[in-house]
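The structure appears below as structure tokens.
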């Protein structure tokens, strides 16, 4: 269990970010304390030099880990942050004990985080419209296509025998946090 006197966790996030949302779910599921620092994406706070010194990508979430007597550590990418939280506080678990089960959970989570989420991300959709001059109808068609393809694949995977009440068997996992 985390010693709050030894480690301070600060999550830089934005309420409408699904990537940041999944990290907040993991924090709450594990009942871990953290400070929240809002980065307003609608006001381009992620593009500031100060924020880019934490995350050169200018994305949320970012987890700042301040441990007494050690240098600060910055973690980016929601899945990496969630897995860090799992290792920091193993119970309640968002993974299974079986090696193949953990691989399946990661596979489902990455299907969502790598194949679906980036294509419906605001910065990608804005790029389609602003830089590639896609009109709103074309952008919507493009968006709907990739969301449909991604969720059809996810639904097929969830028909597997290892799916139970949750994405993997009968316990909340990293894959459920990503859904």
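The values are calculated or read from the model by the stated rules, or taken from the named source; none is laboratory data. Source: prediction; values computed, not measured. Note that each Cβ is placed from the backbone with ideal geometry, even for glycine, and that neighbours are counted across all protein chains shown.
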In the list 83, 87, which residue meets the criterion of being under 16 Å from residue 22 (Cβ atoms) and assigned to a helix (DSSP H, G or I)?
83
Residue, nearest to residue 94 (Cα to Cα), within region 30-45, restricted to residues that are modelled with pLDDT of 95 or more and crowded, with 19+ Cβ neighbours inside 10 Å
30
Looking at (1) assigned by TED's automatic domain parsing to the domain that holds residue 173; (2) in contact with a strand residue (DSSP E or B) (Cβ under 9 Å, 6 or more places away or on another chain); (3) assigned to a loop (DSSP other than H, G, I, E, B), can you tell me which one residue 132 breaks?
(2)
Taking region 58-74 as the region of interest, how many residues are in a strand (DSSP E or B) and closer than 20 Å to residue 5 by Cα?
7
Filter result (loosely packed, with under 11 Cβ neighbours inside 10 Å and assigned to a strand (DSSP E or B)) within region 135-170
none
Looking at region 1-57 only, could you name the residues that are in a helix (DSSP H, G or I), in contact (Cβ under 8 Å) with a residue 12 or more places away in the chain and more than 25 Å from residue 110 (Cα to Cα)?
51
From the options 107, 173, residue that is within 20 Å of the chain's Cα centre (by Cα), surrounded by fewer than 16 Cβ atoms within 10 Å (Cβ to Cβ) and at pLDDT 95 or above
107
